[in-house]
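The values are calculated or read from the model by the stated rules, or taken from the named source; none is laboratory data. These figures come from a predicted structure and were not determined experimentally. We place every Cβ from the backbone using ideal geometry, glycine too, and count neighbours over all the protein chains shown. For accessibility, only protein heavy atoms count, side chains too; no ligands or nucleic acids. Shrake-Rupley method; radii C 1.70, N 1.55, O 1.52, S 1.80 Å.
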Amino acid sequence: MPSKSTRQLTESIARGETSARATIESAVSAAEQLNDSLNAFLEIDRNGALSRAEAIDTSANRESLRLAGLPIAIKDNICVKGLQTSCGSRILGPYHPPYNATAVDRLLAAGAVVIGKTNCDEFAMGSSNENSAFGPVRNPWDVACVPGGSSGGSAAVVAAGIVPVALGSDTGGSVRQPASLCGVIGLKPTYGRISRYGLVAFGSSLDQIGIFARSAADAAAVLEVMAGRDPHDATTADVPVPAYVSETEKDLAANFRLGVSRALLGDGLNDEVGHAIADAIEAYRELGAEIVDIDLPHAKYAIAVYYIIATAEASSNLARYDGVRYGFRAEEAPGLRDMYKRTREEGFGPEVKRRIMLGTYVLSAGYYDAYYLKAQKVRALLRQDFAKAFAQCDAILTPTSPTPAFKFGEKVDDPLAMYLNDIYTVTANLAGIPGISVPCGLSSEGLPIGMQLLGPYWSESAILRAAHAYETLRPFTAQPQIHVDRNR
Amino acid sequence: MPITEADIEKIAQLAHLEISDEERKMFAPQISEIVTYVEQLNEIDTSSVEPALGGLTPEGEATPADRNDEVQPSLGQKIALDQAPDPAAGHFRVPKVLG
């Protein structure tokens with residue numbers, strides 16, 4: 001039974017035909033009921049969400065709200081005033097930010113209602129959610145499997161039908177990869193499209209806020225509200241914000257060219273994922289697209305480049321967690337330096353320490369040129385690869401993840417194997433281009449498979465439209481084991 | 001390049017981390033493996049390549065990031081200190097700095 005699309009729901013609430021309170025009550029109750037199985041929420045704000053919904057029901061400007069009464073969930077590394085921001089870490093303690101992220105402010109101004117904060121890998125570092133200090137999120141399709149990471153909680157709550165839309169952050173695939181493993185849409189916009197003010201920094205030249213949804217049009221509706229220049233984030237670009245929803249619902253252009261790199265579909269790719277991607281290519285042929293062979297010669301180096309740049313930036317960004325101004329402080333340190341070290345030792349989990357140390361190493365005296373500068377040069381080559389590819393095609397199709405969801409514990413002792421999960425997603429962050437993961441099938445074990453569409457800078461409309469065309473031709477109707485039954 | 005436990009200790013000092021013996025033993029081979037993996041970048045000739053410092057698009061580069069130097073409301077002392085582990089008399093109190 002398909003749920004009402006976001007637009008039908010919010011328009012009905014705006015007109016006063018559907019109660020925002022009843023909508024939010026239903027979402028909050030679903031969150032509370034399913035959280036024992038999923039561990040997807042770190043905080044559920046029943047009272048705050050209901051009072052906000054009541055305010056919308058009685059608001060004089062209700063009819064002008066574009067997202068009236070839309071229940072949303074926010075990853076716990078994005079600030080929502082009044083709620084916690086833990087980043088899945090102990091070092092922040094029960095931190096409560098005194099302000100909203102700009103992206104959240106814009107959603108609230110449009111009438112959306114935050115129902116809670118979602119679990120994630122600590123400081124968004126991970127591909128399986130096993131790095132959360134508060135236990136991993138479980139995949140609603142199979143609770144023995146990881147939901148992906150790092151925004152696993154946001155992916156799981158959309159997949160389970162608790163909310164139609166959720167926010168995550170994507171530094172190397174942290175929206176697209178869990179979207180793929182949980183069978184939902186996951187959009188990472190162009191670098192500079194959505195303000196990061198109020199997003200806890202991880203890799204500042206890579207981080208973007210991204211969107212989980214069950215349809216391309218729903219993702220477009222939320223993007224349209226959040227996108228655009230923000231004086232609080234100097235990296236946001238002054239680029240006009242299109243009417244993403246109507247752009248998304250247009251027909252695929254008659255001369256649409258879809259790029260495919262055969263080299264990216266070789267080694268290490270799971271057979272079932274490979275077949276699903278081959279089927280998706282056929283679907284685009286049916287839609288009238290021209291399939292173009294493209295080459296991204298430096299893509300095979302992307303993981304190496306990424307784990308130098310992302311860890312270098314993280315080691316710098318995470319220097320601020322020192323036990324002085326907020327969050328956790330280790331007890332009884334005799335001096336300031338000991339206090340810093342013990343606070344960070346006790347407050348950070350192993351993966352965060354591993355990455356801080358790797359980043360410190362690649363930036364340290366004598367190694368900067370060999371690692372960091374080298375990586376930035378290869379990043380430039382990768383950007384040139386994409387520029388050349390996009391001269392030949394309008395979007396590039398790849399798998400999102402080399403495998404469907406894997407079991408808990410399978411890769412936890414092998415960090416490099418875990419990093420290789422991000423092979424298809426990190427390129428978009430390194431290049432700054434937008435990418436979207438779209439469900440495109442199920443494995444023989446009944447786990448979702450996702451495909452990724454990458455486009456040139458500011459091509460969100462085009463990749464959303466390509467995703468919409470695909471989901472119209474091949475609707476993804478399967479339901480996870482754990483999901484909300486609204487017909488009960 | 002292999003990373004020894006002594007290297008790990010030195011890096012931890014630089015990063016303000018007081019790691020345990022167990023962590024040192026775990027991190028040395030893991031970080032060695034990752035560093036060896038990233039060294040595959042040496043296969044690529046980058047002698048004539050300008051590094052891509054930062055993540056901005058051309059449009060992002062072209063967006064002026066300056067603003068007028070005007071006083072804006074700020075959080076204020078109370079909110080800024082509200083969540084400090086050890087606030088005292090309008091300041092952040094820390095353990096002694098010099099031994």
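Tell me whether the stretch B:73-83 contains one or more residues that are polar (S, T, N, Q) and within 18 Å of A:Val324 (Cα to Cα). Yes, the stretch B:73-83 has at least one match.
When the residues of the stretch B:32-46 are filtered to those that are closer than 19 Å to B:Glu5 by Cα and more than 7 Å from every other protein chain (Cβ to nearest Cβ), the one that is surrounded by the most Cβ atoms within 10 Å (Cβ to Cβ) is B:Val35.
For the stretch A:31-57, the set of residues classified as open to solvent by less than 40 Å² (accessible area, probe 1.4 Å), assigned to a helix (DSSP H, G or I) and small (Gly, Ala, Ser) consists of A:Ala31, A:Gly48, A:Ala49, A:Ala53, listed by residue number.
Tell me which residues, restricted to the stretch A:423-438, are farther than 14 Å from A:Thr171 by Cβ and away from chain B (no Cβ under 13 Å).
A:Tyr424, A:Ile436, A:Ser437, A:Val438
Could you list, in sequence order, the residues of the stretch A:324-336 that are at the interface with chain B (Cβ under 8 Å from one of its Cβ atoms) and under 36 Å from the mean Cα position of the chain (by Cα)? Please lay out each step first, then the result.
Going residue by residue through the stretch A:324-336, those that are at the interface with chain B (Cβ under 8 Å from one of its Cβ atoms) are A:324-329, A:333-336.
Correct list: A:Val324, A:Arg325, A:Tyr326, A:Gly327, A:Phe328, A:Arg329.
Residues in the stretch B:71-86 that are more than 8 Å from chain A (Cβ to nearest Cβ) and open to solvent by 60 Å² or more (accessible area, probe 1.4 Å): B:Val71, B:Gln72, B:Pro73, B:Ser74, B:Gln77, B:Lys78.
Within the stretch A:263-287, take every residue that is at pLDDT 95 or above and open to solvent by 40 Å² or more (accessible area, probe 1.4 Å) and give me the one that is nearest to the other protein chains (Cβ to nearest Cβ). Explain how you work it out, then say what you get.
So in the stretch A:263-287, the residues at pLDDT 95 or above come out as A:272-287.
If we keep only those that are open to solvent by 40 Å² or more (accessible area, probe 1.4 Å) too, we end up with A:272, A:275, A:278-279, A:282, A:285-287.
Numbers: A:Glu272: 27, A:His275: 29, A:Ala278: 29, A:Asp279: 32, A:Glu282: 33, A:Arg285: 31, A:Glu286: 33, A:Leu287: 28 Å.
Per the criteria, the residue is A:Glu272.
The sole residue among A:Ser89, A:Ser132 that is crowded, with 24+ Cβ neighbours inside 10 Å, in contact with a Phe, Trp or Tyr (Cβ under 8 Å, 6 or more places away or on another chain) and either assigned to a loop (DSSP other than H, G, I, E, B) or not basic (Lys, Arg) (or both) is A:Ser89. The residue of the stretch A:337-349 that is surrounded by the most Cβ atoms within 10 Å (Cβ to Cβ), among those that are facing chain B (nearest Cβ under 7 Å) and in contact (Cβ under 8 Å) with a residue 12 or more places away in the chain, is A:Arg344. Quick check: anything in the stretch A:400-422 of a type in the set (Val, Ile, Thr) and within 14 Å of chain B (Cβ to nearest Cβ)? Yes, the stretch A:400-422 contains a residue that is of a type in the set (Val, Ile, Thr) and within 14 Å of chain B (Cβ to nearest Cβ).
Filter the stretch B:58-70 down to the residues that are open to solvent by 100 Å² or more (accessible area, probe 1.4 Å) and more than 7 Å from every other protein chain (Cβ to nearest Cβ) and list them by number.
Quick first cut of the stretch B:58-70, residues open to solvent by 100 Å² or more (accessible area, probe 1.4 Å) only: B:61, B:66-70.
Across the stretch B:58-70, the qualifying residues are B:Glu61, B:Asp66, B:Asn68, B:Asp69, B:Glu70.
Answer yes if at least one residue in the stretch A:192-208 is in contact with a Lys or Arg (Cβ under 7 Å, 6 or more places away or on another chain) and surrounded by fewer than 24 Cβ atoms within 10 Å (Cβ to Cβ), and no otherwise.
We begin by selecting, within the stretch A:192-208, every residue in contact with a Lys or Arg (Cβ under 7 Å, 6 or more places away or on another chain); these are A:207-208.
So of that shortlist, the ones also surrounded by fewer than 24 Cβ atoms within 10 Å (Cβ to Cβ) come out as none.
Within the stretch A:192-208 (the criterion being in contact with a Lys or Arg (Cβ under 7 Å, 6 or more places away or on another chain) and surrounded by fewer than 24 Cβ atoms within 10 Å (Cβ to Cβ)), the answer is no, since none of the residues qualifies.
For the stretch A:356-369, the tally of residues that are open to solvent by 10 Å² or more (accessible area, probe 1.4 Å), touching a residue at least 40 places away in the same chain (Cβ under 8 Å) and more than 7 Å from chain B (Cβ to nearest Cβ) stands at 1. Can you report the number of residues in the stretch A:64-78 which are open to solvent by 10 Å² or more (accessible area, probe 1.4 Å) and under 26 Å from A:Gly149 (Cβ atoms)? Residues flagged as open to solvent by 10 Å² or more (accessible area, probe 1.4 Å) and under 26 Å from A:Gly149 (Cβ atoms) within the stretch A:64-78 amount to 0.
For the stretch A:92-103, give me each residue that is within 11 Å of chain B (Cβ to nearest Cβ) and not aromatic (Phe, Trp, Tyr). It would help to see each step written out before you state the result.
Residues of the stretch A:92-103 within 11 Å of chain B (Cβ to nearest Cβ): A:92-99.
Result: A:Leu92, A:Gly93, A:Pro94, A:His96, A:Pro97, A:Pro98.
Among the residues making up the stretch A:399-450, those that are part of a loop (DSSP other than H, G, I, E, B), among the hydroxyl-bearing types (Ser, Thr, Tyr) and touching an Asp or Glu at 6+ places or on another chain (Cβ under 9 Å) are A:Ser401, A:Thr403, A:Thr425, A:Ser443, A:Ser444.
Candidates in the stretch A:318-336 are the residues that are part of a helix (DSSP H, G or I) and open to solvent by 20 Å² or more (accessible area, probe 1.4 Å); of these, the one that is farthest from A:Glu122 (Cα to Cα) is A:Leu336. The lone criterion from (1) under 30 Å from B:Glu33 (Cβ atoms); (2) open to solvent by less than 20 Å² (accessible area, probe 1.4 Å); (3) over 16 Å from the mean Cα position of the chain (by Cα) left unmet by A:Leu430 is number (3).
Taking the stretch A:135-158 only, how many residues are outside any loop (DSSP other than H, G, I, E, B) and open to solvent by less than 10 Å² (accessible area, probe 1.4 Å)?
As a first pass, look at the stretch A:135-158 and keep what is outside any loop (DSSP other than H, G, I, E, B): A:139, A:142, A:145, A:152-158.
Narrowing further to those that are open to solvent by less than 10 Å² (accessible area, probe 1.4 Å): A:139, A:145, A:152-158.
Qualifying residue count, the stretch A:135-158: 9.
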